[in-house]
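Asks: Before I ask anything, here is the structure I am working with.
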Amino acid sequence: MSCCHHYEFVEGGDNAFTVDASTLTFGRGCLREAGDRAAALGMRRVALFTDPHLAALPHVETVRESLRKAGLDVVVYDEVRVEPTDGSFRNAARFAREARPDGYVSVGGGSVIDTCKAANLYASHPADFLTYVNAPIGDGAPVPGPLAPHIACPTTSGTGSECTGITIFDFESMRAKTGIASRALRPSQALVDPEVTATLPGAVVAASGFDVLSHALESYTARPYTRRPAPDNFAQRPMSQGANPWSDLGCAEALRLTGEYLVRAVRDAADAEAREQMMWAATLAGIAFGNAGVHAPHGMSYAVAGLVRDYMPPGYDADHAMVPHGMSVIVNAPAVFRHLAAQAPERHLDGARWLGADAAGATPADAGEVLAKRLIGMMRETDMPNGLSGVGYGEADIAALTKGAYPQQRLLKNAPVDITEDLLGELFTDAVQYW
């Protein structure tokens with residue numbers, strides 16, 4: 001690996017990377033294994049987390065019945081908020097402390113899995129809410145010990161939360177997204193059942209699918225791990241350690257699958273092959289970005305979602321204005337990759353080809369435009385908003401968006417170049433409208 005130009009070692013940089021992953025089971029019908037797996041992890045009283053909409057669907061009942069058949073006591077928390085807030089995290093943590101479970105099972109999208117992670121954390125290691133929240137908004141204190149076992153059962157093909165030690169929420173008083181990052185938050189196991197995607201609206205599949213795409217493309221083009229300062233000891237090596245040969249493998253296949261199947265999965269709910277392959281792509285991208293980290297499009301997305309005024313996305317059963325996570329990411333992506341491609345043009349051309357772009361004859365100087373054009377084409381084919389303008393922002397909002405995104409240094413520092421406030425403003429400006 002030392003002979004690979006992209007991973008040439010530099011003075012003061014790290015010379016090693018770490019691979020972490022949840023124990024993961026993938027396949028149709030695997031949700032029915034939840035009870036036996038929970039019992040094998042030593043659970044006796046289980047907190048089952050979901051949201052009000054999913055609580056009425058058969059996936060949750062499948063898991064609940066499996067837990068009961070295994071002889072486990074089940075208490076249900078079905079008040080998870082889609083796009084959670086610090087308030088909804090606090091409510092979930094209060095429930096967990098009062099219910100006193102010895103294990104957790106989450107059935108839902110990223111909002112449900114993230115809420116379950118937070119509840120597990122604050123019930124296991126009570127503290128002031130901001131103690132564990134990422135700096136500079138919170139103290140960024142390390143999690144002091146292990147959490148209770150957690151089995152995550154994703155119902156959307158996108159967030160990858162079942163594979164990562166990251167949990168994200170809206171900090172309402174600041175109108176900004178932030179989160180908590182710790183390997184301790186990574187679920188003990190994940191049950192990834194493609195059957196759950198059959199009933200998803202196309203708009204939800206599109207938003208979550210673009211999250212998959214962005215996880216993989218950002219991880220593949222992130223700052224290489226060899227250019228991150230070497231830690232004093234292994235425990236200080238961050239989860240977002242930069243692009244590395246392990247994450248590259250998952251990114252490449254996730255991008256290839258997304259290029260082939262995303263549009264099909266959005267357009268036809270009966271296309272079981274396409275929806276199953278997108279679930280697999282989400283899993284691969286989740287493992288990859290859990291070990292490499294994303295960068296500018298995700299960092300910018302926190303401001304896009306946090307400052308939303310009145311946008312109500314199609315296909316979502318929400319009672320509040322919101323920009324779904326994958327959507328808040330992809331509206332930034334073409335502008336970012338168009339600007340940053342010069343740092344590693346061959347990697348950006350790789351991504352474009354895997355996504356299905358015609359890159360015949362393309363030179364390194366063409367990389368950004370080729371990739372941006374393919375992303376924009378896929379956005380149009382799946383009825384994604386036309387950049388920031390499509391979710392309610394304009395030129396007058398650039399300063400506020402920049403101010404909201406710049407504190408996301410955990411993500412921005414993973415970009416292949418230093419992201420200054422001026423550059424961030426340029427990226428947001430170019431993301432206002434694409435067609």
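The values are calculated or read from the model by the stated rules, or taken from the named source; none is laboratory data. Because the structure is a prediction, the values reported are computed rather than measured. Using ideal geometry, Cβ is built from the backbone for each residue, glycine included, and neighbour counts are taken over all protein chains shown. Quick note on the areas: whole protein, heavy atoms, side chains included, nothing else; ligands and nucleic acids left out. Shrake-Rupley method; radii C 1.70, N 1.55, O 1.52, S 1.80 Å.
Asks: Given the criterion within 25 Å of the chain's Cα centre (by Cα), over 30 Å from D319 (Cα atoms) and assigned to a loop (DSSP other than H, G, I, E, B), identify the matching residue among D20, D51.
Replies: Result of the check over D20, D51: D20.
Asks: A further question on this structure: For the stretch 129-145, check the following and say yes or no: at least one residue is more than 30 Å from V308 (Cβ to Cβ), touching a Pro at 6+ places or on another chain (Cβ under 6 Å) and either open to solvent by 10 Å² or more (accessible area, probe 1.4 Å) or part of a helix (DSSP H, G or I) (or both).
Replies: no
Asks: A follow-up question, please. What are the residues in the stretch 158-179 that are part of a strand (DSSP E or B), more than 16 Å from M300 (Cβ to Cβ) and either open to solvent by 10 Å² or more (accessible area, probe 1.4 Å) or aliphatic (A, V, I, L, M) (or both), if any?
Replies: If the condition is that a residue be part of a strand (DSSP E or B), more than 16 Å from M300 (Cβ to Cβ) and either open to solvent by 10 Å² or more (accessible area, probe 1.4 Å) or aliphatic (A, V, I, L, M) (or both), then I166, F171 are the ones that fit.
Asks: Continuing with the same structure: Can you find even one residue in the stretch 393-405 that is under 28 Å from L257 (Cβ atoms), open to solvent by less than 40 Å² (accessible area, probe 1.4 Å) and under 21 Å from the mean Cα position of the chain (by Cα)?
Replies: Within the stretch 393-405, not a single residue is under 28 Å from L257 (Cβ atoms), open to solvent by less than 40 Å² (accessible area, probe 1.4 Å) and under 21 Å from the mean Cα position of the chain (by Cα).
Asks: Quick test of your reading of the structure: P84 fulfils all but one of (1) more than 30 Å from P224 (Cβ to Cβ); (2) over 26 Å from the mean Cα position of the chain (by Cα); (3) not acidic (D, E). Name the failing condition by number.
Replies: (2)
Asks: Still on this structure, I have one more. Within the stretch 222-273, which residues are open to solvent by less than 20 Å² (accessible area, probe 1.4 Å) and touching an Asp or Glu at 6+ places or on another chain (Cβ under 7 Å)?
Replies: Within the stretch 222-273, Y225, T226, A265 qualify.
Asks: Using beta carbons and a limit of 8 Å, which pairs, at least six apart or on different chains, have the first residue in the stretch 337-366 and within 17 Å of R227 (Cβ to Cβ) and the second one at pLDDT below 95?
Replies: These pairs meet every condition: A344/H6; R347/H6.
Asks: Just checking, how many residues over the stretch 349-376 are under 17 Å from V329 (Cβ atoms) and part of a helix (DSSP H, G or I)?
Replies: 6
Conditions tested, residue by residue: (1) outside any loop (DSSP other than H, G, I, E, B); (2) free of Cβ contacts under 8 Å to residues at least 24 places away in the same chain; (3) open to solvent by 50 Å² or more (accessible area, probe 1.4 Å); (4) in contact with a helix residue (DSSP H, G or I) (Cβ under 8 Å, 6 or more places away or on another chain).
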| position | (1), (2), (3), (4) |
| --- | --- |
| N15 | no, no, yes, yes |
| E33 | yes, no, yes, yes |
| R37 | yes, no, yes, no |
| H59 | yes, no, no, yes |
| V74 | yes, no, no, yes |
